[in-house]
Structure formats: structure tokens, C-alpha cells
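First up is the structure itself, then whatever we jot down about it.
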Amino acid sequence: LSSSKILTVVVNSIVLIMFPAQVVYWIILYCVGLLSEIYYKSANEDLNVHTCVSGVGLRMLSAMCAFKSYSNNGQKWSNETRPIRAPELFEGMCSVLETHMVNDVLDDMEVAQLVAC
């Protein structure tokens, strides 16, 4: 047996194994009536990127603020609460997303859009 024949057998077996799964998937998504609608909606869920990303960003920002308050090096805790201003929120999100900004995945404008959400 040569290596090319072994490779051909492996590739053909993978194709033959995957083909029935693709056929069944297509039948389930388009040919079963009401069940197809349910399966299609669950397989192709709508994603609101701004909601998901801002939620994750706010959780990360919350964790960062909690860490900073725990590691305040003996400073007195303040009992008063105040809302976070937009520049503070932008600065916090920049520090939370710093690795993505350094790698040029995000820029300042995109972070500002996340803060605006």
C-alpha cells in the first residue's frame, strides 16, 4: 500500500461519513414543516453585538473597579456613591480592553461607540 492510496481511503471515508450528516441537517432545517422553523430559528439565532459586547465590557469594568477598591492600599473607603462620568467610563473601558487596543483589534473610536451603548 502506498501513502497516496492510504490518504485517498482516509479522505473518502471522511467524506462518506460527513455527507449523510449534511443531508440530514439540510432536511431538518428546510423540509420538516413547523419543526424546521423551530430548528432554523435555534440554529440561526440573531445576535445583537452591541448588547453582548457592552454587557461583557461592563462586567469586566465592574471586576476592575472591585479589584481597585480592594487594593486601595489602606486609603479610607468612601460611603458616598456617584455615577461614573463618560470620560471615566471611557478610560476604564480603554484599560479593560487594553490588549485589544494594543493589537489593533479595536481603536479609540470603537471603544467610544461601546461606551456610548
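Residue separation of Val56 and Ser36 scaled by 0.36 nm, minus their Cα-Cα distance, works out to 4.0 nm of gained length. Residues Cys94, Cys31 ordered from highest to lowest accessible area at a 1.4 Å probe: Cys31, Cys94.
Under the simplified labelling scheme, the Ala43-Asp107 pair shows an inter-label distance of 3.8 nm, with each label point 7 Å from Cα along Cα→Cβ.
Shown are Met60, Met101, Met109, Met93, whose ranking by accessible area with a 1.4 Å probe and every protein chain present, most to least, is Met109, Met60, Met101, Met93. Can you tell me how the range 5-65 classifies by the Cα gyration tensor, rounded, prolate or oblate, using a/c under 1.5 as the rounded cut? In terms of gyration-tensor shape, oblate. Per-residue SASA remark: Phe19, around 130 Å² accessible (1.4 Å probe; ligands, DNA and RNA not included).
The values are calculated or read from the model by the stated rules, or taken from the named source; none is laboratory data. If you're wondering where the values come from, they're calculated on a predicted model, not measured in any experiment. Using ideal geometry, Cβ is built from the backbone for each residue, glycine included, and neighbour counts are taken over all protein chains shown. Side chains are part of the model used for accessible areas, which takes the heavy atoms of the whole protein and leaves out ligands, DNA and RNA. Shrake-Rupley method; radii C 1.70, N 1.55, O 1.52, S 1.80 Å.
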